[in-house]
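Engineer: Would you mind keeping the following structure in view while I ask a few things?
The values are calculated or read from the model by the stated rules, or taken from the named source; none is laboratory data. Note that the structure is a prediction, hence the values are computed from the model and not measured. Here the Cβ positions follow ideal geometry from the backbone for every residue, glycine too, while neighbour counts run over all protein chains shown. Ligands, DNA and RNA are stripped out before the accessible areas are found, and what is left, the full protein with its side chains, is counted by its heavy atoms. Shrake-Rupley method; radii C 1.70, N 1.55, O 1.52, S 1.80 Å.
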Amino acid sequence: MTIPPGPGLRIRGLRLLGYRKNYEIRFAEGDSWNPLNLITGEISTGKTTILEFIDYCFGGSAFPQHPEVVDAVKAAQLSIEANVPVELGQEDTENGPDAARLGYTRRRFLIQRSVEGSIKDILIFSGDLDEIEQVAPTIVSSDSSANESISKFLLQLCGLDGIRLRLAPTKSDSATHQLSFRDTAPLWFLTNTRLDNKNLTFEHTPHKANKLRQVVDIIFDVFDEDRAILAGQVAELQEQLRGERKGIDALRRFVREQGVPGPVELDNMKDEAQSRRTQALLQLSSVDDQAREQTAFAEEARRAYLEKVEQAREVAGKVRERETLLRRLTPLRAQYADDLKKLTMLKEAKRLFDPLGVTVCPACASELGDVSVVNGRCTLCRTAVPHLEHEALASTKEASSNGTGASSGSGETFDVSKELSSTKRRLNELNDYISAVASEAKDARSESSTLDAESAELRARFDALTREAVTPLLAVREAAVRAVTDAELTIDQLNGQQRMLESVEKHEREVESLAARLSEARRRAAEAEAARRDRGDMLSKLSSRFHAILQSFGYPKLTEAEISSNLIPWVRGIRYDRVGSSGATTLISLAWELAIFELAYEEERRHPGFLMIDSPQKNLAPEGLIGTTEDQENTEAAAEAIVRRIYRHLTDWLSGDGAGAQIIIVDNVPPPSVEKSVVVKYSGSISEPPYGLIDDASAP
């Protein structure tokens, strides 16, 4: 299936770029795409996620936040195909010099949008999922108010760019705002929630309802109150065209000032540079082969030199390791020496300085024994010393001579001599180890010096052996290397100039496309002025189509099906949100969406040309049907019959008046009659691939 002439786009496939792998779904094969695409399978397998990612690539505000998606996906790529307007020939008409015979050329684009962080930029490549053209992508913003946005790009493909909507449609002096592609989303994406939330036409959100009514009027070229919209579009497109032409003139002047040759001459220069590079590479390879052949006799000397260099490298590493160890051990040895000095001083202090210098009683000249404190009094002078709670002021002479002392009130002793001996032993062991390491480092340094000298000698011997054979080839090799470098530099410069020319050509195509869109807008404005289509006529046709679709669905007791002036559907004289049956609400919502889509497509209006529907069987279980009976089997049969009729209507329309349109549907279990339209079926089981969209996620 191919796109018929006219504005609009079709979806070819979706690829989710992941951290572990990529995940894809295709709606096209080769040069054609499928008119009816069914995504089926178990619940919670990612079916709706596909539609949500398509909507996200079209400028939606958020991507699916399911844990398996957040953990696996970093960006989304959407491949689309569109008819881009071109001018087939200039004509002298009363519409001015910009009027032209309009034509379309098929183009493919790849929209890439990241899901990481708060990045708002979107990349638009030329090409598709299988092959991206080697040109720089266009960077646009997801913000529809930006000068370059994804909304503006998509509106251009649909012929809706340059249109402004009124904030208060009933007021002639109302303020306006730029039409966004998001404003058209209700006409190409029927979400699961809109099927039965009784807010199909946003009647509970008046500002959205105003937008929707104006968008439908614009798509069907209704100008009872908005005849100035197309005139405004023509004026804005004219202003854009003037700006683009000034820009392309400036770009052409810059290219000429840079001395960029023409495309043919540039291609010839690139071919010549490529030829020079190829010849230089061949010459370089030949010189290297010749040098290897002529120096084969010195292979033994080369091997000996390389072995000696490897030995020298290992010994140098050993030297570094030993020297590092020495640097770390030296502070430890100093610490041990300092501890030894402190212990020696402590021992000498115990022996030289007696804590009690009085040995004879000054009163009776008797030798004094041990002096202590008993009950807070000194046994020598009987003075109260409550601050000295320990039992002895002085140790015995034996304890003093042995270098030991009593601890205050604890009864424990500290043997200085023992600790001194232990410290001396550890210091001696450390000195011995340091001496051994120093000796190893010295030997390693000596060996390293010897190996360096031997490797230098072997290198000199190898150079002497090969100098006579290699020297004549050095000049040739250097010339070949210079030739390769010069050729590659020339190629880089020519590639840069070619990119400049491609940029000029790209802008020229954009100017041509803009001029073609201006011609289309002028044609529509002229036709609208001549036809002066009445809004009542549009509503009448929509109501007739709405009734016919419900009839094809087999809607029970169908009468008085119509779409009112505010686009709200009515059935059997009852507004759709008051019918009381959720199944009936689903059928009415489907019929309303399809009526607008089918009629706009058949009349070649500016609808995007594709439609996405999520869960068309929602609420169509027996208890959800209108007019059900108590016979369970008959009720279930009626439900199945309605589902079959829905799909029969879609297939009949797509193969008839709707040929060239595209519909993508998410449905758990569609009828067997449309099995050939299933593009993917998710099993929900690891043992039956494909498990789901994120097929490597953990099973629940």
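Engineer: With respect to the numbered conditions (1) open to solvent by 80 Å² or more (accessible area, probe 1.4 Å); (2) at pLDDT 85 or above, which one is the sole condition not fulfilled by L326?
Structural biologist: Only one criterion in (1) open to solvent by 80 Å² or more (accessible area, probe 1.4 Å); (2) at pLDDT 85 or above is unmet by L326, namely (1).
Engineer: Return yes when G41 is among the small types (G, A, S) and within 15 Å of I665 (Cα to Cα) and no when it is not.
Structural biologist: In short, yes.
Engineer: Criterion first (over 23 Å from G8 (Cα atoms) and open to solvent by less than 10 Å² (accessible area, probe 1.4 Å)) does L195 satisfy it?
Structural biologist: yes
Engineer: Taking the options L567, L587, name whichever one is in a loop (DSSP other than H, G, I, E, B) and of a type in the set (A, V, I, L, M, F, W, C).
Structural biologist: L567
Engineer: Also, I was wondering about something else. Evaluate segment 33-48: report whether one residue or more is open to solvent by 10 Å² or more (accessible area, probe 1.4 Å), modelled with pLDDT under 85, farther than 22 Å from P690 by Cβ and not small (G, A, S).
Structural biologist: Within segment 33-48, not a single residue is open to solvent by 10 Å² or more (accessible area, probe 1.4 Å), modelled with pLDDT under 85, farther than 22 Å from P690 by Cβ and not small (G, A, S).
Engineer: For residues that are open to solvent by 30 Å² or more (accessible area, probe 1.4 Å) and among the β-branched types (V, I, T), scanning just segment 529-582, find the one that is farthest from P206 (Cα to Cα).
Structural biologist: In this case the residue turns out to be T559.
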